[in-house]
Amino acid sequence: MSATFSTSNDKENVGQNGGVPSNLPKFTPIDLTTIAPAIGSHLPPGALKHQPQPDYLDYDQKGRGFAVTLFANTGSSYMLGIFGGGLMGLREGLANTPSSRMKVKLNSVLNHCGKYGSRAGNSLGVLSILYTFYEWVGDTYEIDRYSPLSEVPMSPVLASFATGATFKCAAGPRVSALAGVIGLSSVGITYATYGVLGIPYGKMNYIFL
């Protein structure tokens with residue numbers, strides 16, 4: 001024997017209790033707006049528009065995009081270079097002042113800070129640009145799939161070697177290869193230290209740190 005809950009008065013009762021006909025039995029805490037069609041009661045068009053809906057947030061599983069990472073790494077490296085080079089310039093300026101007069105000392109300090117600070121900032125900025133680009137290439141082609149060590153990301157390893165080799169490519173193949181090995185060693189030492197201390201790789205979100 002079949003039964004239906006739909007009556008001729010459904011249209012009159014619609015609008016009460018959130019758009020559900022009031023002659024339906026109480027199925028608390030069941031949401032009748034979702035099961036009404038299944039039990040033979042038809043809701044008017046637009047009855048569910050006023051019901052709360054979940055909010056979906058955009059999420060990129062690969063993390064920050066290339067442009068955002070490039071600007072973040074380059075800006076951070078440039079500021080670190082300016083600060084570190086400025087400290088070295090301060091020391092050199094005070095040590096190599098040709099006179100004990102205050103104005104001469106100040107001029108010497110400013111000259112050395114500008115010299116060392118700009119040089120270090122520009123060098124670190126270029127290194128960050130190269131590293132970010134090579135790491136992005138490695139992530140794009142998913143070179144981690146070809147790594148024998150699944151727990152160690154390979155993109156920073158490739159990026160560090162390629163960055164050092166490219167940065168010193170004008171000095172000859174030997175110097176270029178040596179610079180690449182130095183970059184590779186820096187990543188290896190960092191990863192080994194992180195492994196001993198139990199720190200996740202890339203925790204600082206700055207190049208390979």
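The values are calculated or read from the model by the stated rules, or taken from the named source; none is laboratory data. Here the structure is a predicted model, which means the values were calculated and not measured. In this analysis, Cβ positions are derived from the backbone assuming ideal geometry, glycine residues included, and neighbour counts consider all displayed protein chains. Areas reflect the complete protein model, heavy atoms only, side chains present, ligands, DNA and RNA absent. Shrake-Rupley method; radii C 1.70, N 1.55, O 1.52, S 1.80 Å.
Exactly one residue among TYR116, TYR141, TYR134, TYR146 is free of Cβ contacts under 8 Å to residues at least 40 places away in the same chain and either closer than 17 Å to LEU209 by Cβ or of a type in the set (S, T, N, Q) (or both), and that residue is TYR134. Among the residues in region 79-89, are any open to solvent by less than 40 Å² (accessible area, probe 1.4 Å), under 29 Å from PRO200 (Cβ atoms) and at pLDDT 90 or above? Yes: one or more hits. Restricting attention to region 63-78, the residues being surrounded by fewer than 16 Cβ atoms within 10 Å (Cβ to Cβ) and either touching an Asp or Glu at 6+ places or on another chain (Cβ under 9 Å) or not aliphatic (A, V, I, L, M) (or both) number 6.
Applying the criterion of being more than 21 Å from LEU184 (Cα to Cα) and not in a helix (DSSP H, G or I) to the residues of region 99-151, the residue that is least open to solvent (accessible area, probe 1.4 Å) is SER99.
Only one of the numbered conditions (1) loosely packed, with under 15 Cβ neighbours inside 10 Å; (2) over 28 Å from the mean Cα position of the chain (by Cα) is not met by SER176, and that is (1).
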